[in-house]
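What follows is one structure encoded as structure tokens, with my remarks underneath.
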Amino acid sequence: MLTIGDLAQSLVSRANQMRLKTQMNDLSQQVTTGLQTDLASHFSGNLMTIASIEATLNRAEAFKIANTETKAMADSTQAVLETAQTLTDNLTTDFLNADLSTARSARNAIAATAEQTFSALVSQLNTQVGGRSLFAGVATDMSALADPNAIVQAVKSELSGATTLSDVQQRLADWFNAPGGGFATFAYKGADQSRSPSALSDTESVQLDLRADHVVFRNILQATVMGQLAGDPDIAATDELQSAMLSAAGNQLLSVQTRLVELRAELGASQERIENAMARNATEVSALQMTRNALIGADPYEAAGKLNAVQFQLESLYAITARNSRLSLVEYLR
């Protein structure tokens, strides 16, 4: 029969098995990961240094993710500006080449091109990145501009009855630029408040605050829609007015090109800052990871040697336990 001594020996044996299994699991992880598993024991209870490094590393990793998103927004904004510049460059040339010596059918074709360009510009200004509008300010869940056809119809209604170029230009200027005008109350669907600056690090941020109601965009849209409506016989009833509207639209686009280039240059400077911040952050992450690994790293060869020793101890313990069990059975059968 079992005695108190047998039970005690069994408990001790089980405790040793659990201890050796725990050691074997820890050493196995050290061999495969090259890192310490029991940091409290490794640092003798003083975890302040490694905790500080981990906190700084986590913050750097967070900036890495945020900066990647900021870069995507800046790059997409630059792409929109580039497209707008290309579209308006081509359209400016067409507008300025249209005069009274040009056949009305050719001028109508230029107006049709302006219609396509207007729709393309509105589409570009409604660009979203990651489900967020680029040019709608803080209203990132909204399209920045209304449907292009709806905008054109609203502008056309505003021009109803205009018979001279100066009248057309004044009504367009009021609709697009006056506070409470049609553009502000109907065409622009975004917020009046720009997005907050994007943090690049603990000490640096970048502002990506271009909105579709920026004066450059309003002037481009105003000139483009004037060129488009020059092909509408209800607005440009005479050849003289049609030619004058196309020429005025071309001059307006020409005057805004310099400011569009400046916007692209300003954004390019921000893009460079973002890329520099990402490079600095990557260097910091790499340095922190090296420091952390140096502090909590485990020698895989040493760990492998200890693992073999623990495995041998565990196998020996199993063998001794099995032998004692057989001896106990013999004693019981006697």
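A short reminder: the numbers here are calculations on the coordinates, not readings from a lab. Since this is a predicted model, take the numbers as computed values, not measurements. We place every Cβ from the backbone using ideal geometry, glycine too, and count neighbours over all the protein chains shown.
Under 15 Å from a point placed 7 Å out from the Cα of Asn177 along the Cα-to-Cβ direction: which residues of region 141-161 have their backbone N that close?
The answer is none.
Cβ neighbours within 10 Å, averaged per peptide: list 286-294, 141-149, 116-124 in order, most packed at the top.
116-124, 141-149, 286-294
How high is the relative contact order of region 73-288? Use alpha-carbon pairs under 8 Å, at least six apart in sequence, and give a whole percent.
On the way: 291 pairs, mean separation 62.8, N = 216.
Contact order relative to length: 29 percent.
Assuming R0 = 22 Å, what is the FRET efficiency of Ala150 and Glu272, from their Cβ-Cβ distance, to the nearest 0.05?
Result of the calculation: an efficiency of 0.05.
Treat each spin label as a single point 7 Å out from the Cα along the C-beta direction, and report the Ile53 to Gln193 distance in nm.
Reported label-point gap for Ile53 and Gln193 is 4.2 nm.
Output needed: percent of Cα pairs per 10 Å distance bin for region 144-198, bins running from 0 to the one holding the longest distance.
Histogramming region 144-198 at 10 Å steps yields 23, 46, 22, 8, 2 percent.
Using alpha-carbon pairs under 8 Å, 6+ residues apart, how would you state the relative contact order of region 185-244 in percent? The partial results should precede the final answer.
On the way: 32 pairs, mean separation 11.3, N = 60.
The value is 19 percent.
Using the crude model of +1 on Lys and Arg Cβ and -1 on Asp and Glu Cβ, and no other charge, please compute the dipole size for region 73-288 relative to its Cα centre, in debye to 20.
Dipole size: approximately 140 debye.
Suppose the Debye formula is applied to equal point scatterers at every Cα of region 73-288; what is log10 I(q)/I(0) at q = 0.10, 0.11, 0.13 Å⁻¹?
-0.48, -0.56, -0.74
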